[in-house]
1. Count the DSSP beta bridges whose two residues both fall in the chain, then state the antiparallel fraction as a percent rounded to the nearest 5.
2. From the backbone phi of the stretch 177-192, what are the Karplus-calculated ³J(HN,Hα) couplings (6.51 cos²θ - 1.76 cosθ + 1.60, θ = phi - 60°) in whole Hz, Gly and Pro given as x?
3. Got the relative contact order for the chain handy, in percent, Cα pairs under 8 Å and 6 or more residues apart?
4. For THR311, what residues show an amide H to amide H distance below 5 Å, using hydrogens built from the backbone and excluding near sequence neighbours?
5. If you take the Cα Rg of the stretch 1-126 and divide it by 2.2 N^0.38 Å, with N the number of residues, what do you get?
6. If you put +1 on each Lys and Arg Cβ and -1 on each Asp and Glu Cβ, how big is the dipole of the chain around its Cα centre, in Debye rounded to 20?
7. Compute the length gained on full extension between ALA39 and VAL312: take 0.36 nm times their separation in residues and subtract their Cα-Cα distance, giving the result in nm to one decimal.
8. So what J values fall out for the stretch 198-208 if you push phi through Karplus, 6.51 cos²θ - 1.76 cosθ + 1.60 with θ = phi - 60°, rounded to Hz, Gly and Pro as x?
Amino acid sequence: MLKSASAGLDRILTLELVRVTERAAVAAARLRGRGDEKAADQVAVDAMRSELNRLPIKGTVVIGEGERDEAPMLYIGEEVGIGEGPEVDIALDPLEGTTICAKNLPNSLAVIAIAEKGSLLYAPDVYMDKIAIGPGYPAGVIDIDAPAIENLENVARAKGVKVNEITACILDRPRHARLIEEVRATGAAIRLIGDGDVAGVIHTTDPDETGIDIYIGIGGAPEGVLAAAALRCIGGQMQGRLQLNTDEKVARAAKMGISDPNKVYQMDEMARGDVLFAATGVTDGNLLSGVKFARDFIQTHTIVMRSSSLTVREIKAKHQDMDKF
Ligand code: VTB
Ligand code: MG
Ligand code: MG
């Protein structure tokens, strides 16, 4: 098999990954707007799994659909791939934003990240407090422990605009009531999203296109690791802290090797080494179009990237062999 010039993962895997998210996205898109999030999720999981199992890797799912006893497929620890090839860790979410897909609202994605074995944070399925910005800022602009106003002022100053020209993306949840008040008090705008904070974080990387400068707030830890993997490939800054607020969660995390429950993880502690990331739009979104079903073909729109080269590719594919999907 071809070896890439730089150390790390075989670069041919980059294209292979696109097939994996394309398949999952098309499957989920067939169930867009049907109000059945479970069914949409299930078909995406099935499709992603069958495509993943054709890859020339010895893969282990480290961020997946849940623990073995709660998820029949793509559970944490499941081995995927043909069992030959490089040993890799895999983080995935075949349908990130199941509710968005069921309601046919923007920004649901099929998402996967692959990294060298041992390079991804083995995060339990708990909440994570997150803060993220895109590329082009000096180091140290964001600090998860600082008040929102400080982060927003620093981002605005670094961008060379007033705070009221900054937009923060925040999940619309009661737990964010105070955060939302604090951000609004600065004069900054908020894009409140119903779900889909992997997309929310990625959107910070292209504020001109998405209108989002910073992501703040508490979402899923698995989504945090996926988002960190994506940012590693585009550039940007992110910090995360697991919300291990019960003894049970602390114990679960400890089993996964996390000894300090309050640790702040920097982006490259959540996703180290060479990382490949791919996401295909399921519903139309700010950066990716959703799957289009035309009479004679299916069109998908995927972003695929690699951390070691910081290459970001967008692939619009027309699939004419529609029986395959
Ligand atoms: C977020 C969101 C996801 O989970 O991570 C969220 O981005 C966090 O959990 O799309 P709550 O819904 O409990 O707030 C999702 O909504 C689903 O994975
Ligand atoms: Mg999922
Ligand atoms: Mg999800």
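Values in this text are rule-based calculations from the coordinates and carry no lab data. Keep in mind it's a predicted model, so treat the numbers as computed, not measured. Neighbour counts run over all protein chains shown; Cβ positions are idealised from the backbone, glycine included.
1. Numbers: 49 of 61 bridges.
Antiparallel bridges make up about 80 percent of those DSSP assigns within the chain.
2. Here the 3J(HN,Hα) series is 3, 6, 4, 4, 4, 4, 5, 5, 5, 7, x, 6, 8, 10, 9, 8 Hz.
3. This gives 20 percent for the chain.
4. The answer is ARG306.
5. The value comes to 1.06.
6. The calculation lands at about 600 debye.
7. 95.1 nm
8. For the stretch 198-208, the Karplus-derived couplings read 5, 4, x, 5, 4, 4, 5, 7, 9, x, 5 Hz, x marking Gly and Pro.
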